[in-house]
Structures are given as structure tokens and as C-alpha cells.
1. Filter segment 359-407 down to the residues that are among the acidic types (Asp, Glu) and over 19 Å from ASP304 (Cβ atoms), then identify the one that is nearest to the chain's Cα centre (by Cα).
2. So is SER317 in contact with a Pro (Cβ under 9 Å, 6 or more places away or on another chain) and among the hydroxyl-bearing types (Ser, Thr, Tyr) or not?
3. Have a look at PHE259, PHE298 and point out the one that is among the hydrophobic types (A, V, I, L, M, F, W, C) and touching a Gly at 6+ places or on another chain (Cβ under 7 Å).
4. Tell me whether segment 445-463 contains one or more residues that are of a type in the set (Ser, Thr, Tyr), assigned to a strand (DSSP E or B) and modelled with pLDDT under 95.
5. Please count how many residues of segment 263-288 are within 22 Å of VAL183 (Cα to Cα), crowded, with 20+ Cβ neighbours inside 10 Å and of a type in the set (S, T, N, Q).
6. Does any residue of segment 368-379 turn out to be surrounded by 20 or more Cβ atoms within 10 Å (Cβ to Cβ) and part of a strand (DSSP E or B)?
7. In segment 187-223, which residue that is assigned to a helix (DSSP H, G or I) and hydroxyl-bearing (Ser, Thr, Tyr) is nearest to THR354 (Cα to Cα)?
8. Is one or more of the residues making up segment 344-358 more than 24 Å from LEU160 (Cα to Cα), among the β-branched types (Val, Ile, Thr) and in the same structural domain as LYS184 (by TED's automatic domain parsing)?
Amino acid sequence: MHYHKSPKNRRVLALLLTGSLLFGGIPVYAGEYSNVELSAEDDGSDLTVDSDSAADMAASDDTVASEDTNLSIDATDSDVSTDEEGSSIAAANSDKENESDDFSSDDSQEVFSDGTVTDIDSELDYVLGRPMTDGEREAQLAMIPELTDMPVTDEVTSDLDIVPYALYPEEYNSAKEGLVTPVKNQSSTSLCWDFSLTSNIETSLLSRGLGYYDLSEEHLAYFWANRVNDPLANTPNDKITRTNADYHGTGNGQVASFFLSTWSGMTTEEKVPFSSTTKTWPEDLAYDSAAYMEDAVFSEYDEDRVKLLLSEYKSVSAMMYWNLQNYTVNTAAYYQAVPKLSSNGKQMVNHAVTIVGWDDNYKKENFIDGPKPSRNGAWIVKNSYGTGFGDKGYFYMAYDNATFSNLVCNTASTSEEYNNNYFYDGASAGTVVFPGISNGYYASNIFKATAGKGKDEELGEIVTAVPQDNTDFQIQIYTDLTNPSDPTSGTPAYATPMEYTQAFAGIQTIRLEKPVKIPPGTLYSVVLQIPNGSQRYYLEKTKQQQFLVYNSCRY
């Protein structure tokens, strides 16, 4: 949103992940709030969601109502040092240099235990320039923590009719461009999803010329699992409670992106350093942010699609399935020909990584253990097992690997563009897909302007979230609502609704054509019309929330 900086105006952001649903200009809105709980058993994570949301859904026959900090960071866990001027950070050891240079190790041949190197061996891309000893192999495998299988989050629908493959170079590596931060170590935790997404956000800042940041995975993990009421007090009872006391558990990049869209971090490693054991952090750190998520692209896996995303965003966070039998330790090469499925046929994942580049000429012969891909080519993948793992912390994943899913690319900034962020969906793990209505539908949220402290506020942007590419919206803002249960019972801000197409699935910040003035203490609404009923929308689902039945389907 655009916010006016004069003392008479406050700037606000409306987040539309939860919403009322309404029909044909005659909206029905559930007026009572409900304290609700969601047990998220289907996503494979050990958590429960509580939500106190003011957004509900209803349906009828035709339509549904629905500091600029620029900090330098003392990165103790990543072995980096702080620049005295606070504008950027330089690596204090070889890790940073390793990631800016070629990942391949010294390829001078060394004899194996029998004192010879075969012709076949010399053709392979050994990470040590030779086959590893048994002890070296065991040391590599010992770096892998215990992994937990969980089902893939429902995939989005991507438009894969994109730029032809031939337009991409044979090799690309964003680390060689200095756009990837040093490899970190998640230790014995299950925070691979956290390390992957954090790396993705750090790369976003570097690629946008905003400087080098070492962001805190600990902050994201802790406050995602220990939600604190937002500064405007709109989410007092929204929380995610794990069944055990340790917040270092499983998750995924999509859920974490919903959380970050509420300005819940990220802060720096210096302020909240990583701990592999459980700690209690002060609540006043919950919204302490050095970086803010602006947008998040969600995508299906496709070779050309990943190359497109890497060309634009420089890294891609992705879920995968890790099976040691399919990993060639000597060459740090991984390939799994078929997905891992649960007993009910659901695709499973157990690890998250960050893709930073590709090499079309990476030899298929490097995939020695497990199945063999039919062609050359591999992704350059940043892992979170430390620099001693694989090829200086990286490994190579065959293009035809069958386990990549839930791809995420975040765009981040280092300054707080808006004074306030209005939202109700604090329990991000409860976000589900509303399936849509054949004749189109509406989604809306109603907010009370409370941040201006007696002065007008200006609404300049809204945030939307959809699970498919190319989603069409018609946007209207209503002010001075007379009925708190009717999002259209006020004055429309625009003579005709603003039209917008969200190109990619995921979370999008949309700038309004003209900022809308909101008087203090009044109710206003953000109303989206989705005319294509086949297009779906993300909503926060909460147990015992009021839903109506449409065509015998309960929402």
C-alpha cells in the first residue's frame, strides 16, 4: 500500500488471506468472532492451530460472499564478520569465497587405497578429486540428521507454457555472481525448510542490491511456533502449538511465507542466534525485522520453470525426498526416479533445499549409486548440513528427479514501507484453498481503523494469495461501513472496481490505483471479485468457524 508520511496520515496494509465470502452484491457476513482450533494432521506436521478470525464465509445460489536498517551482521554461526560501516558484510573465512567461486574441488588425481586410478574414475567429477575412503564416506553420511516423512502441501497450478528451453544458457550459478550467502548447518534440528527459505530471502536482498544479511532461522522457527498477537491486536488468540515442546520441527516454505507476510520477521542472526536446543525468546522480539517479505511465488516443478525462476529470483526454495540409497557420496550427486508415496498414494517429502543454478553438461555418469538418469544435466543445490557436506555444502540433483515439490521464491526488502499491517490470519498453518464457485465469487475482509490514533489513515496496498497463475481480480474498497456484517454497506472508493491479474501463484502485494483515506475508528472493507469461478483462493481455515453449505459442499 501507499502510505502518506505527513503527520495527519498513517499508512496501512490490508492482508486478505482470510475473508468473508459474499454473493452478487448481497453479502452475507458472519458477525460473531469465534475462538477456534485446527488440528493440522494432514500436512504431516505436529501442530495445532488456534485462530480468532473476523473473516468468515457464506454462499448463495450464484456468488459467494466471501528500520530501514541496512544492518551489518555479526554472523557467528556462519563465520562471517561485520563491516565497520554497517552497509554490508564480508566473509571471514573461505565459505563465502567458496560460494562465489567454482564449487568443484581440486581435481588433481590422487591414488585410492590400491594406489591406482582407473580411466572411468578419472572421468567422474569427484568432490575430492578421487574416490573417498570408507572413513570419509561415513563422515559424510554422519552429517545427515534424522529425517521425517510428511505429505506434500497441495500443489499449485502453474502455467508451464513459458520461454523455450533453448533461450537459457547451458550453465548458470548465482553463487558465482556473489548472490548466495554461506552454507549454514541446521545441526540435529528439522529446520531444513527454515534454512532453505532464509537463504532464499538473503539472496533476494543481495540480488536487489540491498546488502548482505545473515538472517535468523531461530527467529522464524520460534515465533512461527510461538505466535505473538500483532501490534494492532487483531490476532490475540491465533497460535500454532506443537505437540512437543521443541519448536525445531518440520514445516515448509509455503506456510512460512504466509507467516512472513504478516511482518513477523525476519531479524538478524546477531539478535536471535541459532540454537539447536530449545530456548525461550522475549515476546518483544516477535516483530523485530531486518527484512520484510513483499511477495512469494509458489510453483510446480518443471525444468524450464525452475530456470525461469532462477533467472528472475536467483534461488528457489524447494521440498524434496532424500533417500540415502540414491545419493552418490563421491560425486555429491542425487537422483530419484520415482516419487516416494504414502500408503494412500500421497507424495511424501522429508527435506528442503535451495536451488541456486544449473549445469546442462553435468555428466549422468556421476550418478553412481541408485538409479541412473537418462541424460546429462543437474541442478546446483545448496544444502544446510554445513560446508563439510557434499561439494563444500552443495550437491547436484538430476533434472529428472521425481521428488521436487512446493517451490517458493520470496522477494524481500530491508525497509518497512508501511506503518501498519492489518490482518486476521495469524495461524498461517491453517491456510487452505477455497475451491471456488462456478459463477464466480467474492472474498472480503472488514477492518476497524485503529492505528491512526485519532488521525486519518491511507490504504495504499492489499495482499492477496492464490494457488494458481494468472488469477483475475476486481478490487473495490468500501469505507464508513454501516453494518459490520456487510462488507459492501459503505461508500465505494472507486467508480468502477480496479482490475488486476496476479501472474504467479502465491502471495502478492498489489498497489492500489489511488490510496483510500480511512477516517479513524471507522470500519472499512477490502472486497475482491473473482469472476472466474474455477480460480481458487487461499483462506485461513479454523475449527468451529462459521461456514455455510453451497451445493451440498461444506466450506
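The values are calculated or read from the model by the stated rules, or taken from the named source; none is laboratory data. Not measured: the values here are computed from a predicted model. Heads up, the Cβs are rebuilt from the backbone with ideal geometry, glycines too, and the neighbour counts pull from every protein chain shown.
1. Ranking the candidates gives ASP391 first.
2. no
3. Step by step, each of PHE259, PHE298 is checked, and only PHE298 is among the hydrophobic types (A, V, I, L, M, F, W, C) and touching a Gly at 6+ places or on another chain (Cβ under 7 Å).
4. no
5. Residues in segment 263-288 being within 22 Å of VAL183 (Cα to Cα), crowded, with 20+ Cβ neighbours inside 10 Å and of a type in the set (S, T, N, Q): 2 in total.
6. yes
7. SER196
8. No.
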